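Okay, structure first, notes after.
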Amino acid sequence: MAQEQAQARSRATNKIALASLSAMVAETTTFPIDITKTRLQLHAAAHPVSAFQVATDILRKQGVTGLYKGLSPALLRHLFYTPIRTVGYEQLRHAFISHDNHSLSLPSKALIGGISGVIAQVVASPADLVKVRMQADGRMVSQGLEPRYAGSLDALTKIINAEGYKGLWRGVFPNIQRAFLVNMGELACYDHAKHFVIHNQIASDNIYAHTLASMMSGLTATTISCPADVVKTRMMNQVVNEDGSYKYRNSYDCLIKTVRFEGLRALWKGFFPTWARLGPWQFVFWVSYEKFRLIAGLPSF
């Protein structure tokens, strides 16, 4: 009994380490697309621009390093976020499967995927906040303005001093709404799509199945979560005004004002760069994660 528990803990530890490693590889690879998406979402309707224009502007004014502004807090975030959601999903999936029921329905997978994402996002929200603020800082620099923060640690310190420790969880509610939707689409769809591909003998449990499943989950997650992502980005980037007020009172107020002043389409701002990022991100992550698990002697996700 004790030996079985020790083996279970060892497997869980290995899964956490491999998920973190795979996520950091995927994040570093796709981060330029993420910063382009974030800048695009912060643009008002009065100055419409394309993702290509945003990326070109960053390169011209800040160089290649400008495309990696905010990478360090993004990597820190994935040390917590990705292992919690992926390993948490597996644990919940295992708990819901009985001996005579070897698979779950798609709605059940979506529910446990969403729950796993919410738990992970609450833990990782401060790092996500710092990442968004630093990405927005890069846009200020491109406009000839002084950046608010000198680096990740400086951003963390200034946010705590100006907004208190609660400020580190600013935007946490739109953030967890987004996390629920993203992981509902991402984890559940990847899991379901991979087993569909394998069960129907479209491909065996290899890189082809993982690629097809990651493409399906990326498109699903982007479509479902993009409106919440826009709201989350704007909520997290706003700072207190001189009179102590904020532009948006809450995520609902942000949603209403965005639609009222910019139209319904504004909720899908950054859709293509988001999709362009999620597709490669999921491909790199899932292929790496599945391969690392195979090397470590762990079963397929």
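Here, each number is a calculation from the coordinates, and none is a lab measurement. Note that the structure is a prediction, hence the values are computed from the model and not measured. Backbone-built Cβ (ideal geometry, glycine too); neighbour counts: all protein chains shown.
Over the chain, dividing the summed -39,500 (n - 2.57) contributions of all DSSP H runs of at least 4 residues by the number of residues returns a 222 nm mean residue ellipticity of -26500 deg cm²/dmol.
Working from label points 7 Å from Cα in the Cα-to-Cβ sense, the Leu294 to Leu264 distance is 4.5 nm.
Ordering 23-29, 33-39 by mean Cβ neighbour count within 10 Å, with the highest value first, yields 33-39, 23-29. The separation of region 241-278 from region 176-226, counted between C-alpha centres, amounts to 27 Å.
Between [x] 34, 20, 19; [y] 45, 19, 17; [z] 29, 22, 20, which entry matches semi-axes √(5λ) of the Cα gyration tensor in Å as derived from the coordinates of this structure? Answer label, from the structure shown: [x]. The trypsin sites (Lys or Arg not before Pro) found in region 231-300 that occupy coil by DSSP, while having at most 16 further C-beta atoms within 10 Å, are Lys247, Arg249.
How much net charge surrounds Tyr208 when only other residues with a Cβ under 14 Å from its Cβ are counted (Lys, Arg +1; Asp, Glu -1)? Around Tyr208, the charge tally is 0. Converting the Cα gyration tensor eigenvalues of region 1-40 into ellipsoid dimensions via √(5λ) gives semi-axes, longest first, of 37, 8, 4 Å. How would region 71-229 be classified by its alpha-carbon gyration tensor: rounded, prolate or oblate, with rounded meaning a/c under 1.5 and the a/b versus b/c comparison settling the rest? Prolate, since a/c reaches 1.5 and a/b exceeds b/c.
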